[in-house]
Amino acid sequence: MVFQFHRDAGQQFDQQRLVTTNTIIPFIEEAFPIKDGLHVLEIGCAEGGVLKSFVERGCIGTGVELDEQRYAHAEHYLQEDLQRGRVRLVRKDIYAVEIEKDFESRFHLIILKDVIEHIPDQARLLRRLVDFLQPGGAIFVSFPPWQMPFGGHQQICSSKVLSVAP
């Protein structure tokens, strides 16, 4: 059972943006204020909806995305913000990123929303992220609840058996 939004990049962008605006940003703000000029890095930015929410709050966003199609969607949906210099996109594996070359600065906030489970050697990644942070910066990590129905992304499976098994 593939949900329609998994096939529609526009719906995915809108869903990412809505969840970030209504849930993620308020959650982060309980411990870390989101203010104008904050530099935000999103690893695995997909279509760019998460970054869009932060840009709407006055932040400067950088997204790293490995998947060519999702990167192209982010370029499309964030076109205006890219032109205004409010967003920068990097199409690379996070382990291939060169801090001084690929980023304009270090970051106040790093976001890994529903992506860490797709990155090999998570402990190595988390150790590396410290180098990307400005002093006093924060890292937000979320992941699908594996014990919940569809927590393992079964809804995008092509197998009829696996796509309905929680």
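The values are calculated or read from the model by the stated rules, or taken from the named source; none is laboratory data. Keep in mind it's a predicted model, so treat the numbers as computed, not measured. Positions of Cβ are generated from backbone atoms using ideal geometry, with glycine treated the same way; all protein chains shown enter the neighbour counts.
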Looking at (1) of a type in the set (A, V, I, L, M, F, W, C); (2) surrounded by 20 or more Cβ atoms within 10 Å (Cβ to Cβ); (3) farther than 23 Å from Leu125 by Cβ, which is the one condition that is false for Ala72?
(2)
Which pairs have Cβ atoms under 6 Å, sit 6 or more apart or on different chains, and link a residue in segment 48-61 that is under 13 Å from Leu89 (Cα atoms) to one that is among the β-branched types (Val, Ile, Thr) and surrounded by fewer than 22 Cβ atoms within 10 Å (Cβ to Cβ)?
Gly61/Val55
Filter segment 119-166 for residues that are in a helix (DSSP H, G or I) and among the small types (Gly, Ala, Ser); the one that is modelled with the highest pLDDT is Ala123
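So, Tyr77, is that one in contact with a Gly (Cβ under 7 Å, 6 or more places away or on another chain) and either of a type outside the set (Asp, Glu) or farther than 18 Å from Phe140 by Cβ (or both) or not?
Working: in contact with a Gly (Cβ under 7 Å, 6 or more places away or on another chain): yes; either of a type outside the set (Asp, Glu) or farther than 18 Å from Phe140 by Cβ (or both): yes.
In short, yes.
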Do any residues in segment 11-39 that are under 14 Å from Cys59 (Cα atoms) have Cβ atoms under 8 Å from those of residues that are surrounded by 11 or more Cβ atoms within 10 Å (Cβ to Cβ) and among the acidic types (Asp, Glu), where the two are at least six apart or on different chains, and which pairs are they?
Thr21/Glu56
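One line per residue, one yes/no per condition, for (1) within 23 Å of Gly37 (Cα to Cα); (2) surrounded by 19 or more Cβ atoms within 10 Å (Cβ to Cβ); (3) more than 16 Å from the chain's Cα centre (by Cα):
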{"position": "Ile94", "(1), (2), (3)": "no, yes, no"}
{"position": "Lys101", "(1), (2), (3)": "yes, no, yes"}
{"position": "Arg106", "(1), (2), (3)": "yes, no, yes"}
{"position": "His118", "(1), (2), (3)": "no, no, no"}
{"position": "Val130", "(1), (2), (3)": "yes, no, yes"}
Return the residue satisfying two criteria in turn: it lies in segment 83-109 and is in contact with a Phe, Trp or Tyr (Cβ under 8 Å, 6 or more places away or on another chain) and among the hydrophobic types (A, V, I, L, M, F, W, C), and of such residues it is modelled with the lowest pLDDT.
Ile99
Are there any pairs, at least 6 apart or on different chains, whose C-beta atoms fall under 8 Å, with the first in segment 95-118 and outside any helix (DSSP H, G or I) and the second of a type in the set (S, T, N, Q) and at pLDDT 95 or above, and if so, which?
Phe103/Thr62; Glu104/Thr62; Ser105/Gln134; Arg106/Gln134; Phe107/Thr62; Phe107/Gln134; His108/Gln134; Lys113/Thr20
